[in-house]
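Values quoted throughout were computed directly from the atomic coordinates according to the rules given, and no laboratory measurement underlies them. Here the structure is a predicted model, which is why all the values come from computation and not from measurement. As a convention, Cβ positions derive from the backbone with ideal geometry for all residues, glycine included, and neighbour counts pool all protein chains shown.
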Amino acid sequence: MLRRRGYNYYEVFQKMVNYACEAAEMLRGIIDNYKADTLSRKIVDMHKIEHTADLEKHAMMKNLLKEFLPPIEREDIIQLAEQIDNATDCIEEVAMRLYMYNIKTIRDEAFEFVKIITSSTETMKQMMGEFPNFRKSSNIHKYIVEMNDKEEEGDRLYTAAMRRLYVESEDPVEIMTWTQVFQCLEDCCDACEDVADIVESIIMKNI
């Protein structure tokens, strides 16, 4: 994927993943040191990350329109770029839900979720570091498996969190809001795994 001249798709994929990592770290900071009264400012900072990631994706799509011979299939480039961007979008959505629902305190499972999400984005970063040399890499499949494992961990946590919420809470507003927040947190785990699945598919088609 590394081109001698012209647009470097590999480099841009890595930049986009870095934005996902940055967003995940910010979300973890928001959750771990939760202060509802400062959340509006944090959301502005989070949106700057998401918007910058969008600009990178749009620039890639613009370049792809005029690319005569892309390094891999056009559809694969589009799908991978959109899914990396989606991971960043999902992370921002969690912060937005906390703000929109005026959540005052954080449930225990959210702390565990952000650990999984930040770990998943870091593994995604390592995976994309191996991506330009995927034909020779001895590590890229390990990272793909790790991301699949983290998604399964997120699934188990989601089930346990929802069960505890509906068993213990008698507040219909809390049930409604945290049902949505837990779903958004689980979506982050799914989005990261989807990136790994696309990378695996690209590898299988090009070796």
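Summed over qualifying helices (DSSP H, 4 residues or more, each -39500 (n - 2.57)) and divided by its residue number, the chain shows a 222 nm mean residue ellipticity of -28500 deg cm²/dmol. Distance between the pseudo-spin-label points of Thr159 and His141 (7 Å out from Cα toward the beta carbon): 2.8 nm. The length gained by stretching the chain between Val167 and Val44 to full extension, at 0.36 nm per residue less their Cα-Cα distance, is 40.8 nm. On the basis of the beta-carbon distance and an R0 of 35 Å, Leu64 and Ala36 show a calculated FRET efficiency of 0.25.
If R0 equals 30 Å, the separation of the Cβ atoms of Lys125 and Glu75 corresponds to a calculated FRET efficiency of about 0.80. The fewest-to-most ranking of Leu27, Leu64 by surrounding Cβ atoms within 10 Å reads Leu64, Leu27.
A crude spin-label estimate for the pair Gln180 and Met100, with each label 7 Å from Cα along the Cβ direction, gives 0.5 nm.
Among the listed pairs Lys104/Lys150; Lys15/Lys125; Lys57/Lys142; Lys15/Lys48, those with a Cα-Cα distance over 18 Å are Lys104/Lys150; Lys57/Lys142. The overall shape of region 9-205, judged from the alpha-carbon gyration tensor, is prolate: a/c is not under 1.5, and a/b is greater than b/c.
Shown for region 1-97 is the translational diffusion coefficient from the Stokes-Einstein equation, using the Kirkwood radius over Cα pairs, a temperature of 10 °C and a viscosity of 1.306 mPa s: 110 µm²/s.
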